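Colleague: My structure is below; once you've seen it, I'll send some questions.
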Amino acid sequence: MLEKKKIILNLVKEHNTLTKPQISEMMSVSLTTINKYVNELVEKNFLMEEVSDRKKTEGKPPSFYKINSSYRKLMAVYLEKDRLEISVTDNLGNIQETRVFDIENRNSFTEKILCSGILQVIKELDLKDCISVISIGIPGILGEDNKITEIPSFPKLEGKNIIAALNKKLKIPLIVENDINLTIKALHNRNQYKKYKNLVYFFIRNNIGGGIISDGTLYKGYSNLSGEFTYLGVDKEYLSRYDVMSSENAEKYFVEKMKSEEKIEFLLFVFLRIIVTLNPEILFIETNYIQKNEIKILNERLETFFKKTYLPKIILIENDGLGEEGTITNALEIFYSKD
């Protein structure tokens, strides 16, 4: 029953308004069953009914159903290297308010400061009884015990459980996710990419990261380590230079290669590893080290290894708020998965 209701809500959200017969046809489910589910969603304020203006002589006017966007709100919290951005949205993901807190010293930023920012916005906007979900994006990994790891930008958050810290103050469902994973989710949620089921996002700047959509779902591996693409650059030269295998050394080496004349050959080496293991339909690259003409060169080189039909589309992109967008996407997924 819950899954059917989720499908109904997503269909109505996608089409703006639908009638019960339209939903019944789209889902290949009897009108009697759809009638029951839709009525329950209206009763719980997820949907609202609108009656058309058809004249009485034309028969009973049809009822259209739309998302009740004034019912409840969502909060998206995104932590970057120099700021904390907190947005409040309606339950369609439309941003209504945004607050930005500058972070002057990342080394002293703690889970208490993060919680204080969230609580401050809730108090200022009088949202204590309005927020249904809080979605948080962080530049680190959330372990199975809900403790944050691999977050060098904010060392005092290492090993901390911000979900537990917030739960002491609020009784609101919380979800925390890595910023790069949120970026690939945002891309996959965009209309032009929704039809693709296998995507890879590769971030190459002064630090390296990646996100994976496999068979339509975010893929993180058994310990959330998937997407740590820094290590894809480890080769014979790296191993001869470094005695210790570490993310810091691997990242330093990767960036050095991207600044060298060998960057095309190096990227070819890295891309081949991605293609044969993940076989994506699209490989998104965000970087300031390569240009569009160099993407063409990479494609030509890759075609000497595989037929063109086996290769992904390589798309050079700019991150125009994709992490924040993905944080909202995560909040929406949790909200519409609730009974």
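Colleague: What's the carbon and sulfur percent of the range 199-282's accessible surface, probe 1.4 angstrom, rounded to a whole number?
Modeller: 50
Colleague: Something else about it: Sorted by mean Cβ packing within 10 Å, highest first, what order do the peptides 164-174, 287-297, 148-158 take?
Modeller: Per-residue Cβ counts within 10 Å, averaged per peptide and sorted highest first, yield 148-158, 164-174, 287-297.
Colleague: Considering the options C130, P152, I141, tell which one lies farthest towards the positive end of the dipole of the range 121-160, charges being +1 on Lys and Arg and -1 on Asp and Glu at the Cβ, about the Cα centre.
Modeller: So the residue furthest toward the plus end is P152.
Colleague: Right, another one. Quick query: amide H of I103 versus all other amide H atoms, modeled in the peptide plane; which residues come in under 5 Å with a sequence gap of 5 or more or a different chain?
Modeller: R83, L84
Colleague: While we're on this one: Taking 8 Å as the Cα distance limit and 6 or more residues as the minimum spacing, I'd like the relative contact order of the chain as a percentage.
Modeller: Result for the chain is 16 percent.
Colleague: For the range 20-109, what is the charge dipole size about the Cα centre, in debye to the nearest 20, if Lys and Arg each add +1 at the Cβ and Asp and Glu each add -1 at the Cβ?
Modeller: Using Cβ point charges on Lys, Arg, Asp and Glu, the range 20-109 gives about 400 debye.
Colleague: Sort 237-247, 64-74 by packing, meaning the average of other beta carbons within 10 Å per residue, with the highest value first.
Modeller: Top to bottom by mean Cβ count within 10 Å: 64-74, 237-247.
Colleague: Something else now. About its Cα centre, what dipole magnitude does the range 166-298 give when the only charges are +1 on Lys and Arg Cβ and -1 on Asp and Glu Cβ, stated in debye to the nearest 20?
Modeller: 760
Colleague: Name all residues of the range 146-167 having a backbone nitrogen under 15 Å from the label point set 7 Å from the Cα of N107 along its Cα→Cβ direction, giving them as ranges.
Modeller: 152-157
Colleague: Right, another one. Averaged per residue, what accessible surface does the chain expose to a 1.4 Å probe, in Å²? List each step's numbers first, then the result.
Modeller: Details: 18180 Å² over 339 residues.
I get 54 Å² per residue for this part.
Colleague: Moving to a separate point now. Which listed residue (I282, Y253, F269) has the Cα farthest towards the positive end of the charge dipole for the range 237-312, taking +1 on Lys and Arg C-beta and -1 on Asp and Glu C-beta about the Cα centre?
Modeller: The listed residue farthest towards the positive side: I282.
Colleague: Cross-link list K13/K195; K73/K195; K197/K308: which exceed 22 angstrom alpha carbon to alpha carbon?
Modeller: Values: K13/K195 17 Å; K73/K195 28 Å; K197/K308 19 Å.
Checking Cα-Cα distances, K73/K195 exceed 22 Å.
Colleague: Oh, and also: For every other residue with a beta carbon closer than 10 angstrom to the beta carbon of I162, add +1 if it is Lys or Arg and -1 if Asp or Glu, then tell me the sum. Spell out each step's value before the answer.
Modeller: On the way: positive: K112, K147, K160; negative: E111.
So the surrounding residues net to +2.
Colleague: Dipole magnitude of the chain about its Cα centre, charges +1 at Lys/Arg Cβ and -1 at Asp/Glu Cβ only, in debye to the nearest 20?
Modeller: Magnitude of the dipole: close to 1040 debye.
Colleague: Distance between the C-alpha centers of the range 103-180 and the range 70-88? Whole Å please.
Modeller: For the range 103-180 versus the range 70-88, the Cα centre distance is 11 Å.
Colleague: Among [x] 1.15; [y] 1.01; [z] 1.47, which is the computed Cα Rg over 2.2 N^0.38 Å?
Modeller: [x]
Colleague: Further, regarding this structure: Going through the cross-link list K236/K263; K263/K292; K236/K292, which pairs have a Cα-Cα distance over 23 Å in this structure?
Modeller: Too far apart for the 23 Å limit: K236/K292.
Colleague: In the range 1-112, carbon and sulfur make up what percent of the accessible area (probe 1.4 Å)?
Modeller: The computed percentage sits at 44.
Colleague: Among S214, F202, N224, whose Cα projects farthest towards the positive end of the dipole of the range 187-237, with charges put on the beta-carbon of Lys, Arg (+1) and Asp, Glu (-1)?
Modeller: So the residue we want is S214.
The values are calculated or read from the model by the stated rules, or taken from the named source; none is laboratory data. The structure presented is a predicted model; accordingly, all values stated were derived computationally and were not measured. With ideal geometry, Cβ positions are generated from the backbone for all residues, glycine too; neighbour counts draw on all protein chains shown. Each accessible area value is taken on the protein alone, full model and side chains, heavy atoms only, with ligands, DNA and RNA left out. Shrake-Rupley method; radii C 1.70, N 1.55, O 1.52, S 1.80 Å.
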